[in-house]
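Participant: Okay, here's the structure, questions in a sec.
The values are calculated or read from the model by the stated rules, or taken from the named source; none is laboratory data. Please read all numbers here as calculations on a predicted model, not as lab measurements. All Cβ positions, even for glycine, are placed from backbone atoms using ideal geometry, and neighbour counts span all protein chains on display.
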Amino acid sequence: MSSINSISVGKLVRLIGTPKCPALVDVRTDEDFALSPFLLPGSVRRPFGDVNGWAAALRGRSAVVICQKDLKLSHGVAALLRDGGIPAEVLEGGYLGWESAGLPRVPTGKLPPQNTQGRTLWVTRERPKIDRIACPWLIRRFIDPAALFMFVAPSEVSAVGEKFDAAPFDIEGVFWSHRGELCTFDVMIEEFGLATPPLLRLATIVRAADTARLDLAPEAPGLLAASLGLSRMYADDLEQLEAGLNLYDAFYRWCRDASAETHNWPTAKTKA
């Protein structure tokens, strides 16, 4: 149902995966969710009957509210958010409109458990280079914008994961890790249902840089150089991650919007 406070599927799909994406709030009923236990990339489920309980976490951001059919639940929740000073729109067509468009949906059965603040927790080896920055970028932009990451000694990753109920990734012997020639970034894209052309192109670049097969993509040496440079610039892994998010934002936008563009200055001029 189109309204002045709605956003189209086409416009939202361009925002998802970028730093400017609004908070995406899924307020479907438990019954509707059980019929299709998937989420729009980057969205989180929140109960429509407890807006006051979770709205404060959206302060400083705009929001898009998603219900099953773009009817009473999303419109009511969006109105309450706006009343609380949070700019909020509803998704035209709701979840079913997104689903019918054949766009990516994240299977919630693959998500790790959330902590008491509703955030997923992940753990991997310290001193990240490529895969261990690329995967957190993918998670923050397409899975859980509020995800937390722990970088610990390699020998302690599994134990920390068990003790703190965190999902280990990019180590041997766990679900979220390399499989054959695929790196962990590839695996996450596949398992989370995010195999769009831009992300698949980025995955090839990441795999090439991460597995020393630079011939797979001409952009891979650049990603490798930038990644190793960042690892030398930052002693703190979380500071490096924040800087790395910007790097992958740029690579993603190139894969999505700018791969056909060239740059040549000054241009060759024919002599008179």
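Participant: Is it the case that W137 is in a strand (DSSP E or B) and either polar (S, T, N, Q) or under 23 Å from S227 (Cα atoms) (or both)?
Facilitator: no
Participant: Identify all residues within the stretch 63-75 that are closer than 12 Å to E92 by Cα and either surrounded by 21 or more Cβ atoms within 10 Å (Cβ to Cβ) or of a type in the set (S, T, N, Q) (or both); write none if there are none. Walk me through it before giving the result.
Facilitator: The initial filter retains those residues of the stretch 63-75 that are closer than 12 Å to E92 by Cα, namely 64-71, 74-75.
Those that are closer than 12 Å to E92 by Cα and either surrounded by 21 or more Cβ atoms within 10 Å (Cβ to Cβ) or of a type in the set (S, T, N, Q) (or both): V64, V65, I66, C67, Q68, D70, S74.
Participant: On to the next question. Assigned to a helix (DSSP H, G or I), among the hydrophobic types (A, V, I, L, M, F, W, C) and surrounded by 20 or more Cβ atoms within 10 Å (Cβ to Cβ) - does that describe any residue in the stretch 234-245? So that I can check it myself, show each step before the final result.
Facilitator: Just the residues of the stretch 234-245 that are assigned to a helix (DSSP H, G or I), to begin with: 237-245.
Now drop any that are not among the hydrophobic types (A, V, I, L, M, F, W, C), which leaves 238, 241, 243, 245.
Still in the list and also surrounded by 20 or more Cβ atoms within 10 Å (Cβ to Cβ): none.
Looking through the stretch 234-245, none of the residues is assigned to a helix (DSSP H, G or I), among the hydrophobic types (A, V, I, L, M, F, W, C) and surrounded by 20 or more Cβ atoms within 10 Å (Cβ to Cβ).
Participant: Only residues in the stretch 188-216 that are touching a residue at least 40 places away in the same chain (Cβ under 8 Å) and outside the structural domain of E99 (by TED's automatic domain parsing) count as the first member; pair them with residues that are of a type in the set (D, E) and buried (at least 16 other Cβ atoms within 10 Å of the Cβ), Cβ under 6 angstrom, at least 6 apart or cross-chain, and list the lot.
Facilitator: I205/E219; D210/D131
Participant: Among the residues of the stretch 50-62, write down those that are surrounded by fewer than 21 Cβ atoms within 10 Å (Cβ to Cβ) and either under 16 Å from G118 (Cβ atoms) or under 18 Å from the mean Cα position of the chain (by Cα) (or both). Talk me through it step by step, then tell me what you get.
Facilitator: First, pick out the residues of the stretch 50-62 that are surrounded by fewer than 21 Cβ atoms within 10 Å (Cβ to Cβ): 50, 52-62.
D50, N52, G53, W54, A55, A56, A57, L58, R59, R61, S62, listed by residue number.
Participant: Turning to a different aspect of this structure: Considering the stretch 178-233 alone, what residues qualify as being among the hydroxyl-bearing types (S, T, Y), more than 21 Å from the chain's Cα centre (by Cα) and in a helix (DSSP H, G or I)?
Facilitator: Within the stretch 178-233, the first condition is being among the hydroxyl-bearing types (S, T, Y), and the residues that meet it are 184, 196, 204, 211, 227, 231.
Next cut, more than 21 Å from the chain's Cα centre (by Cα) only: 211, 231.
Of everything in the stretch 178-233, just one residue is among the hydroxyl-bearing types (S, T, Y), more than 21 Å from the chain's Cα centre (by Cα) and in a helix (DSSP H, G or I), namely S231.
Participant: Output yes when any residue across the stretch 136-143 is touching a helix residue (DSSP H, G or I) at 6+ places or on another chain (Cβ under 8 Å), at pLDDT 95 or above and surrounded by fewer than 17 Cβ atoms within 10 Å (Cβ to Cβ), and no when none is.
Facilitator: The answer is no, given that none of the residues of the stretch 136-143 is touching a helix residue (DSSP H, G or I) at 6+ places or on another chain (Cβ under 8 Å), at pLDDT 95 or above and surrounded by fewer than 17 Cβ atoms within 10 Å (Cβ to Cβ).
Participant: Might you let me know whether the stretch 71-84 holds any residue that is out of contact with any Phe, Trp or Tyr (no Cβ under 8 Å at 6 or more places or on another chain) and on the phi > 0 side of the Ramachandran plot? If you could, list the steps in order and put the result at the bottom.
Facilitator: If we filter the stretch 71-84 for residues that are out of contact with any Phe, Trp or Tyr (no Cβ under 8 Å at 6 or more places or on another chain), which is where we start, we get 71-72, 74-75, 78-84.
With on the phi > 0 side of the Ramachandran plot added as a condition, the list becomes none.
No, the stretch 71-84 contains no residue that is out of contact with any Phe, Trp or Tyr (no Cβ under 8 Å at 6 or more places or on another chain) and on the phi > 0 side of the Ramachandran plot.
Participant: Which condition number in (1) surrounded by fewer than 21 Cβ atoms within 10 Å (Cβ to Cβ); (2) charged (D, E, K, R); (3) at negative phi is the one that R207 fails?
Facilitator: R207 satisfies all of (1) surrounded by fewer than 21 Cβ atoms within 10 Å (Cβ to Cβ); (2) charged (D, E, K, R); (3) at negative phi except (1).
Participant: From the list G161, G76, exactly one residue is closer than 19 Å to S43 by Cα, among the small types (G, A, S) and in a helix (DSSP H, G or I). Which is it? Spell out the reasoning first.
Facilitator: Details: G161 fails: closer than 19 Å to S43 by Cα.
Sole residue among the options that is closer than 19 Å to S43 by Cα, among the small types (G, A, S) and in a helix (DSSP H, G or I): G76.
Participant: Still on this structure, please answer the following. Provide a single number: the residues in the stretch 38-49 that are part of a helix (DSSP H, G or I) and buried (at least 18 other Cβ atoms within 10 Å of the Cβ). Break it down into steps so the answer makes sense when it comes.
Facilitator: Keep residues of the stretch 38-49 that are part of a helix (DSSP H, G or I), which gives 48-49.
Those still in the list that are buried (at least 18 other Cβ atoms within 10 Å of the Cβ) too: 48.
The number of residues fulfilling the criteria is 1.
Participant: A further question follows. Is there a residue in the stretch 76-99 that is at pLDDT 95 or above, surrounded by 22 or more Cβ atoms within 10 Å (Cβ to Cβ) and not assigned by TED's automatic domain parsing to the domain that holds S43?
Facilitator: Taking every residue of the stretch 76-99 in turn, none turns out to be at pLDDT 95 or above, surrounded by 22 or more Cβ atoms within 10 Å (Cβ to Cβ) and not assigned by TED's automatic domain parsing to the domain that holds S43.
Participant: Let me ask another. As an exercise: evaluate F185 against (1) without any contact (Cβ under 8 Å) to a residue 24 or more places away in the chain; (2) closer than 22 Å to L199 by Cα and give the number of the one condition it does not meet.
Facilitator: (1)
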